[in-house]
Every structure is written in structure tokens, then in C-alpha cells.
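Contents: one structure, followed by commentary.
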Amino acid sequence: MAALYVPPIQIPDGFTVWSATDWHGQLRAADRLLHAAGLTDGADRWTAPPATALVVTGDVVDRGPDTVGLVRRLASLRAQATLAGGCVALLWGNHEAQVLGGLGGDARIFRALMTFGGGATLLSVGMRPDEWEGRSPAAIAARVDELAPDLLPTLWTFAPYARWRDVLFVHGGPVPFCELDRFERSVDRLWIRDAFFASPDPFPSAAAWTSYRKAGLGQVVFGHTPVERPTWSHAGRALNLDTWRGQHVTLARLGMGQELREAVFLAEPAEPRAMADAPVTSEEIRLFDTDLPAIVDAWVAGERRSPDVPGHNGT
Ligand SMILES: [Mn+2]
């Protein structure tokens, strides 16, 4: 498995930026949104003007009807956009970490994967439930690699975060009292919820956010915690685009006046989940939220240290 180092993405100041998050396999809704925004034509080719960026802040996989189709669409648009003078930034979410770590051999991450919608990803690969129930993660991963050999390598190309002007794009949010190099390395940024968006410490002026402020970051676009509709916090300086709770998926054009308050939204209804989640208690969710980041960090560090990784660069 190619555990390549992928750096954060810097989008040039002059670009027009669209952003989305937590699309969770909703390929048809995503296609309609991208077409409505003028980013693609009716045949799903990238047709945006030069200097246009699409930033997807993670959780492309799991739950919805077509994870593999959505990952392939976004990877194809990323290649096309690069050739057309644009940019498609695909960023990690905790679900990408769960797919990579769960199929990469860690039993605890595998349990999280299958608890939170991973079965939908396996269905989209072309597997049937009887091909994964009772099987080992290694056997399931081998079957995934047979049926969709591009899926896991593509997820490894996702970036930790992106920035544009003073805007930070990240799945969960900035982590308080965290230097930027650790913020980039640790998956805490994928799991954080109200410790960012409901923090009484205003972003970016409070001491908790000094490292981000010093790096020129003053606004945040994020997801991970489902909301009914696009939701601002931190006096309009943070914008949550994970509208899964409202059963629709959203694409936002960020304000030309550099204020997130001026964002314009397109929305499409989400299709039903490909399969129901297994029952899970709120206590189990809490344990996953508190324990998984360190488990995933240790697993990723081990992948990057492994000597047989092609392109290994020592980071
Ligand atoms: Mn998430």
C-alpha cells in the first residue's frame, strides 16, 4: 500500500473557490451540483474557467449509494482541472482514515469502519454482504483490491488540509493549542467537533488558535458534524457545510469579498443509505471519537515507516 506523504494544498489567492464536504457516496447529487455550478458539463467533464478550485473536505466514502463512483469522479475531475489551470483539492476525512486503516489491518479501525457505513463502500466495490461477513480485514482488503484496484491508492493521494487566502479547509476543524506541523500530522483534525466550533475561545484571536493566526489563517470551512443547513460559528469566521442532517448535500461558492458570510449555496437531496448502519450506542460513538484518532495516528505512522513503501520519503 502506497502510504505516500501528501503535503497541504495551497490555492492561489486569485482563484474562485467552491467547497463541499461529507458527500458520502452521493454520486448523482454531486454530479447535479457540479453541473449546476458550471464546474462540469452534462458529461461530467471539468469545464470550469481557469483559476477555479473545488475543495472537498473529506468523507467522500461510506454510507451513500456509490462510493467508488464518487471517488473516481472526483479523481478524474482533479486530473482534468490540473490540465485546465484549475484545482480540485481532495482532503482526508475520518471516513477515508477508517477505510484505509480498517482495510489496512488494524482491527479496531476495521470495527469503526463497519460500524459507520463501511458496508456501503464494500457494496459499491461490487461485493455482497456474504463476501465480508465473518471474513478477516485482510481477506476483505484483498477482494477490494481485486475489484477496485484504484480505490485505496486514490484515497492515499488525499491531502491533510488546504488553504486559500486566510481560509483553512479541514474536515473537523483546527485543533486548539496545536502547532501547524502537528496539526498536519495528527488525525485529530478529522475528528474534532465542538472543541472547535463551540469553543468559547474566538477563532482566530484567542490564545488557543495562536499558531493558525500566526500562519495567516482567520476563517475555517469544515464538516464532520451533521447540521440541517450551512451553519456559521465564531462570529461568521467558521462555516460547517455537512448538511447530512438536513438530508441534502451542499456545494458552496465562497464570497468574493473574502467573507464566509457571503457564501452562496447549492443543494440537492441525498439518496438513501446503501445499507443501514449496525446499531451503535452513543457511548460507543463517544469511545470511537476519543480513542480512534490516536489509534489511526499510530497506524499511519507505521505505514509511513514501513520500508517497502514505494516513494517513501522519510516524513
Ligand atoms: Mn466525518
statement: Of the conditions (1) in contact with an Asp or Glu (Cβ under 6 Å, 6 or more places away or on another chain); (2) surrounded by fewer than 20 Cβ atoms within 10 Å (Cβ to Cβ), the single one that Pro293 does not satisfy is (2)
task: Go through the residues of region 76-95 one by one and say whether even a single one is of a type in the set (S, T, N, Q), at pLDDT 95 or above, closer than 30 Å to Trp132 by Cα and surrounded by fewer than 21 Cβ atoms within 10 Å (Cβ to Cβ).
output: yes
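A quick yes/no check of all residues on (1) in contact with a strand residue (DSSP E or B) (Cβ under 7 Å, 6 or more places away or on another chain); (2) at pLDDT below 95; (3) farther than 23 Å from Asp13 by Cβ; (4) basic (Lys, Arg):
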| site | (1), (2), (3), (4) |
| --- | --- |
| Val220 | yes, no, no, no |
| Leu251 | yes, no, no, no |
| Leu260 | yes, yes, no, no |
| Ala270 | yes, no, yes, no |
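Before we move on, is Arg273 assigned to a loop (DSSP other than H, G, I, E, B), crowded, with 16+ Cβ neighbours inside 10 Å, under 21 Å from the mean Cα position of the chain (by Cα) and of a type outside the set (Ser, Thr, Tyr)?
Working: assigned to a loop (DSSP other than H, G, I, E, B): yes; crowded, with 16+ Cβ neighbours inside 10 Å: yes; under 21 Å from the mean Cα position of the chain (by Cα): yes; of a type outside the set (Ser, Thr, Tyr): yes.
Yes: the conditions hold for Arg273.
Scan region 207-243 residue by residue and report those that are among the basic types (Lys, Arg) and either under 17 Å from Val56 (Cα atoms) or touching a residue at least 12 places away in the same chain (Cβ under 8 Å) (or both).
Narrowing region 207-243 to residues among the basic types (Lys, Arg): 213-214, 229, 237.
Answer for region 207-243, where residues must be among the basic types (Lys, Arg) and either under 17 Å from Val56 (Cα atoms) or touching a residue at least 12 places away in the same chain (Cβ under 8 Å) (or both): Arg229, Arg237.
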message: Tell me yes or no: at least one residue of region 168-175 is away from the ligand (no atom under 15 Å from the Cβ), within 20 Å of the chain's Cα centre (by Cα), closer than 17 Å to Leu90 by Cα and buried (at least 19 other Cβ atoms within 10 Å of the Cβ).
response: yes
message: Of everything in region 183-206, what is away from the ligand (no atom under 16 Å from the Cβ), without any contact (Cβ under 8 Å) to a residue 24 or more places away in the chain and hydrophobic (A, V, I, L, M, F, W, C)? Give them in sequence order.
response: Ala206
query: Exactly one of (1) closer than 24 Å to Ala278 by Cα; (2) buried (at least 20 other Cβ atoms within 10 Å of the Cβ) is unmet by Trp164. Its number?
result: (1)
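Suppose we keep only residues that are of a type in the set (Asp, Glu) and more than 16 Å from the ligand (Cβ to nearest atom) within region 230-268. Which one would you say is farthest from Ala29 (Cα to Cα)?
Start the filter on region 230-268 by keeping residues that are of a type in the set (Asp, Glu), which leaves 242, 259, 262, 268.
Now restrict to residues that are more than 16 Å from the ligand (Cβ to nearest atom): 259, 262, 268.
Details: Glu259: 27, Glu262: 23, Glu268: 6 Å.
Applying the filter and picking the extreme gives Glu259.
It is to be established whether one or more residues within region 19-37 are within 16 Å of the ligand (Cβ to nearest atom), acidic (Asp, Glu) and under 20 Å from the mean Cα position of the chain (by Cα).
Yes, region 19-37 has at least one match.
Taking region 211-229 only, how many residues are away from the ligand (no atom under 16 Å from the Cβ) and surrounded by 15 or more Cβ atoms within 10 Å (Cβ to Cβ)? Write out each step before concluding.
First pass over region 211-229, keeping only residues away from the ligand (no atom under 16 Å from the Cβ): 211-219, 228-229.
Still in the list and also surrounded by 15 or more Cβ atoms within 10 Å (Cβ to Cβ): 211-213, 215, 217-219.
Total satisfying the criteria: 7.
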query: From Leu123, Leu168, Leu152, which residue is out of contact with any Leu (no Cβ under 7 Å at 6 or more places or on another chain) and either among the aliphatic types (A, V, I, L, M) or in contact (Cβ under 8 Å) with a residue 24 or more places away in the chain (or both)?
result: Leu123
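The values are calculated or read from the model by the stated rules, or taken from the named source; none is laboratory data. Not measured: the values here are computed from a predicted model. All Cβ positions, glycine included, derive from the backbone under ideal geometry; neighbour counts span all protein chains shown.
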